[in-house]
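The values are calculated or read from the model by the stated rules, or taken from the named source; none is laboratory data. Everything numeric here is computed off the predicted structure, so don't read it as measured data. Note: ideal-geometry Cβ built from the backbone for every residue, glycine included; neighbour counts use all protein chains shown. The accessibility values were calculated without ligands, DNA or RNA, using every heavy atom of the protein model including side chains. Shrake-Rupley method; radii C 1.70, N 1.55, O 1.52, S 1.80 Å.
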Amino acid sequence: MPMMVLVYDRLVRLTPDSEVAPQLATSYKFSNDGLDLTFQLRDDVTFHDGQHFDANAVVANLRRAKAPESTVAAQLAGVTDMFADGPYQVRLHLQAPDPTILLRLATTTGAMISPAALNSPNLQQTPAGSGPFMMQQFATDRVILAKNPNYWDHDLVVPDRVELIAVADDAARVNLLTSGGADIVSVTPATWMQAKDIGSTGQYQLHVYGDSMQQVMFLNAATPPLNNPRVRLALNLAIDRAAISAALEGACPPNSEALPAAYPGYVDGLNYDYNVDEAKRILAEEGVGRFTLDTLASNLEPPRTIAQMVQGMLAKVGVTLNLIPTEPALVRSVFGQGKYGAMVHQQSITYPDPSVLFATHIGAGQLNPGNAAAALVPAADAARALELGSPQRSAAYQDLTRRLFKEPTHIPICNQTVALLMRSNMVGVDRLPFSQLSTSVDIRGVGLTK
């Protein structure tokens with residue numbers, strides 16, 4: 001949620017180029033064996049409730065985040081212990097070398113809460129962070145934030161006040177902007193063409209910031225004949241990704257890889273060309289006749305539209321999809337039980353590293369109940385441990401990308417983009433940073449000219 005980014009600073013942040021940079025930490029360093037990560041902290045930070053930020057506050061926050069009941073505990077599973085080695089020095093001990101811990105700490109996993117408020121039952125209504133904005137008013141559909149007068153980087157903060165309005169209906173959200181009720185709104189595939197038209201008038205501007213959501217048909221390789229990688233390849237060839245993207249009005253560009261184009265490990269030119277005849281030939285060569293797949297279809301857009309289009313496309317190669325509409329909040333857990341052959345759903349692109357997305361394609365998990373490509377797990381683990389940003393890491397993931405393309409686990413379809421529509425006099429929007437690449441855009445440096 002955008003409020004989290006504005007109220008809670010983190011140890012590190014992501015730049016607009018998706019690189020890790022200091023925030024509440026002034027520096028960080030891994031030990032030679034990669035098992036210890038040491039942060040030097042700022043000494044001029046105060047929480048909104050007046051508590052001072054220091055190493056003990058960081059340790060308290062991370063211990064809370066690691067607790068079994070925490071919603072982000074899995075993000076810190078590789079951290080075995082943490083220590084305050086000095087008033088402004090914190091050390092994390094890792095089970096194994098893992099450079100991606102920095103990326104996770106740049107998301108809400110690394111958000112710092114005042115130690116005095118860690119156990120508060122009213123934390124949502126009265127958050128106590130150290131970020132550039134403080135809670136002024138809270139309601140279920142509206143949050144008003146005021147500039148933090150004691151913020152350590154005060155010159156960076158442009159707005160004096162931010163009002164966040166929850167509008168579930170896509171069209172109503174755009175109408176709120178054009179009627180003067182909002183300055184900036186998010187754009188979805190349902191309003192993509194409308195936003196493009198409005199953005200071309202000169203009164204408003206449309207900005208596209210990158211991929212936020214993968215649209216995928218997840219396959220259960222424990223369901224015959226999906227246990228045959230050649231069959232999974234044939235199904236990929238039967239999907240007309242360009243037609244699906246066109247139906248979504250260009251808001252979800254076609255993608256044939258496990259990774260978005262901006263990620264290290266992406267390989268230019270890897271595309272499953274739509275080829276029904278080749279898909280039929282492979283299925284016949286493998287001795288596979290007509291078959292039916294019980295397929296969970298997430299009951300929201302755009303997965304609902306995608307599922308219906310995929311159903312028609314696979315019918316052309318003798319595959320019948322029995323679509324089972326399922327609530328988005330339940331669809332992953334139901335699929336993870338392994339009782340269904342496939343699932344059409346979306347996956348958030350949470351931070352700019354291949355490791356999480358590859359985890360859904362390699363080895364067992366909720367999105368891969370058939371444990372397809374388990375043989376690639378050692379190579380994936382080795383790639384993950386390499387230094388962030390290094391050519392060796394990118395090359396290792398590119399090798400995995402090519403191997404998965406040849407023997408796919410799932411059917412990647414398209415990648416939905418992050419887009420914001422705003423007033424023409426909005427400034428500071430060209431390179432907005434994201435704390436999580438999905439929707440948590442950081443607008444602390446955004447303002448309106450007169």
> Just checking, which of 307, 329, 279, 297 is under 25 Å from the mean Cα position of the chain (by Cα), within 19 Å of residue 408 (Cβ to Cβ) and among the aliphatic types (A, V, I, L, M)?
Replying inline: 307
> In the range 310-352, how many residues are open to solvent by less than 40 Å² (accessible area, probe 1.4 Å), within 28 Å of residue 282 (Cβ to Cβ) and assigned to a loop (DSSP other than H, G, I, E, B)?
Replying inline: 4
>> Can you tell me how many residues within the range 47-101 are open to solvent by 10 Å² or more (accessible area, probe 1.4 Å), over 24 Å from residue 356 (Cβ atoms), among the aliphatic types (A, V, I, L, M) and part of a helix (DSSP H, G or I)?
In response: 2
>> Quick check on my filter: what residues within the range 354-400 are among the β-branched types (Val, Ile, Thr) and surrounded by fewer than 21 Cβ atoms within 10 Å (Cβ to Cβ)?
In response: 356, 360, 377
> Of all the residues that make up the range 102-118, how many are in a helix (DSSP H, G or I), hydrophobic (A, V, I, L, M, F, W, C) and within 15 Å of residue 13 (Cα to Cα)?
Replying inline: 3
> Name the residues in the range 282-303 that are touching a residue at least 40 places away in the same chain (Cβ under 8 Å) and in a helix (DSSP H, G or I), would you?
Replying inline: 282, 283, 285, 303
> Which of the residues belonging to the range 79-96 are in contact with a helix residue (DSSP H, G or I) (Cβ under 9 Å, 6 or more places away or on another chain) and farther than 20 Å from residue 26 by Cβ?
Replying inline: 79, 94, 96
> Regarding residue 211, is this residue among the charged types (D, E, K, R), in a strand (DSSP E or B) and at pLDDT below 95?
Replying inline: yes
> Within the range 250-271, restricting attention to residues that are of a type outside the set (S, T, N, Q) and free of Cβ contacts under 8 Å to residues at least 40 places away in the same chain, which residue is least open to solvent (accessible area, probe 1.4 Å)?
Replying inline: 269
>> I need the full set of residues from the range 119-156 which are of a type in the set (A, V, I, L, M, F, W, C) and in contact with a strand residue (DSSP E or B) (Cβ under 6 Å, 6 or more places away or on another chain), in order please.
In response: 133, 134, 143, 144, 145, 146
> How many residues does the range 207-240 contain that are in contact with a Pro (Cβ under 8 Å, 6 or more places away or on another chain), open to solvent by 10 Å² or more (accessible area, probe 1.4 Å) and within 22 Å of residue 251 (Cβ to Cβ)?
Replying inline: 2
> Can you tell me which residue in the range 411-448 is farthest from residue 401 (Cα to Cα), limited to those that are modelled with pLDDT of 85 or more and open to solvent by 30 Å² or more (accessible area, probe 1.4 Å)?
Replying inline: 425
